[in-house]
1. Restricting everything to alpha-carbon atoms, can you work out Rg to Rh for region 188-320 with a Kirkwood hydrodynamic radius?
2. Within the chain, what percent of beta bridges assigned by DSSP are antiparallel, to the nearest 5?
3. Divide the volume of the convex hull of the Cα atoms of region 136-221 by its number of residues and quote the answer in cubic angstrom per residue.
4. Sort 271-284, 81-94 by packing, meaning the average of other beta carbons within 10 Å per residue, with the highest value first.
5. Starting from the 7 Å offset along Cα-to-Cβ, what nm value, one decimal, do you get for the label separation of SER240 and ARG294?
6. Considering only HIS103, HIS30, HIS220, give the residue with the highest GNM mean-square fluctuation for the chain, with springs between Cα atoms whenever their separation is below 10 Å.
7. What list of ³J(HN,Hα) couplings, whole Hz, do you get for region 76-83 from phi and the Karplus terms 6.51, -1.76, 1.60, once you set θ to phi - 60° and write x for glycine and proline?
8. With only alpha-carbon atoms counted, please give the Rg and Dmax of the chain, in Å.
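Taken together, the values in this text are just the output of simple stated rules run on the coordinates, not laboratory data. What you are looking at is a predicted structure, and each value in this text was computed from that prediction instead of being measured. Neighbour counts run over all protein chains shown; Cβ positions are idealised from the backbone, glycine included.
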Amino acid sequence: MERIFSESYREARAKFQTAAETLGLDCQSHVLDLKGVDGEELAVDVVHVGPGDAPQLMIISSGAHGVEGFAGSAIQNGLMSTGWLQSLPEGLAVVLIHALNPHGFSWSRRECEDGSDLTRNITHHLYPAFHNEQYELFHKILVPDDVSATTRESLHREFRQVMQQHNIENPTPILRIGQYAHADGGTYHGRAASWSTQRWMQIVRQYAQSAEDVMIVDIHTGFGECGELSVQNPSYPKTSQGYRTLCDWLGREPYGFSSDGNIIEHRIETFESLHQQCNPGAKVAAMYFEFGTRDPGTYIDPWVRNNWHFHYGDRSSALAVQARRDFADFCYIRSPVWKQQVWEKALLQLSQLRENLYQSSLVSLEKP
């Protein structure tokens, strides 16, 4: 199945469009008014399969974190090219959303064109902005004045020094919670809805207005053991209906970063905005697919270099090109073994979810 994978956003989009055309499916394109790294058009592309009034809907999206879109794009292409979409249970429709963040996909960045992290930005209007004081301790390390070899050699040492000075055992939660102060920094929430946030809500609203059950699967890479799939809770509190529905459809508890679905004091990775676009009476649950890639300790250096060259360097330079490649290599393992693992695990899990969703509808019909 290596043929369903791509080496660039341009190639991934072409394969998605070709797969849809081969099946005779319409591909709706939402075009961004910016160009990609090679001057190509950037767009979120959408394919709908099944009845327009289907009571059950699966939404499978890729590329929310831009460069992480290689795996999700391949999975979507595979679903179209293997007959999976032609064998949907009666009453079920599927929407494939390709490259939610096409700018980040093309430029090998997690962030959108405005610097925001899409999975944080999508809740921008639901929570007040907050000041992450501890993030400020690390910002100058993440966004240095230059990315020379000398500066980069000191990066991890400076991280350790800050941690020791401020009694920080683990900086990951501090960085994951994000911040509102630096558009050039890590995990920036953004002050307004990004173009991708607006498109994401618009697409869900378009297709989920009449569905009684809406399952959302958003595909990512970079977390976990190489080639392994973890299905993650997108920060639903365990007492919520969304969490109970997710467990019901998944057939088990998902992986979560904390016992109640919160990260520190701020729920940042919820899909509440997408819930609000659905039929008010619908059962809705979202989940992340995360495919493991490399040792997390190798993430910071390529991210820092790639981010610096995008914001402050010459984006066309050989160093910038190499930085983009190095960061993409963290998010996308190009080996045939990894690709086969991703496809097989995704196909198995999606097939189980499809069956569980269908069976849950039968149970609902049987209830007096």
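1. When Rh is taken as the Kirkwood radius, the ratio is 1.03.
2. The answer is about 40 percent antiparallel.
3. 155 Å³
4. Descending mean neighbour count gives 271-284, 81-94.
5. Taking the two extended label points, one gets 3.3 nm.
6. The residue with the greatest mean-square fluctuation here is HIS30.
7. Whole-Hz 3J(HN,Hα) from phi for region 76-83: 4, 4, x, 4, 7, 9, 10, x.
8. Computed over the Cα atoms of the chain, radius of gyration and Dmax are 20.1, 71 Å.
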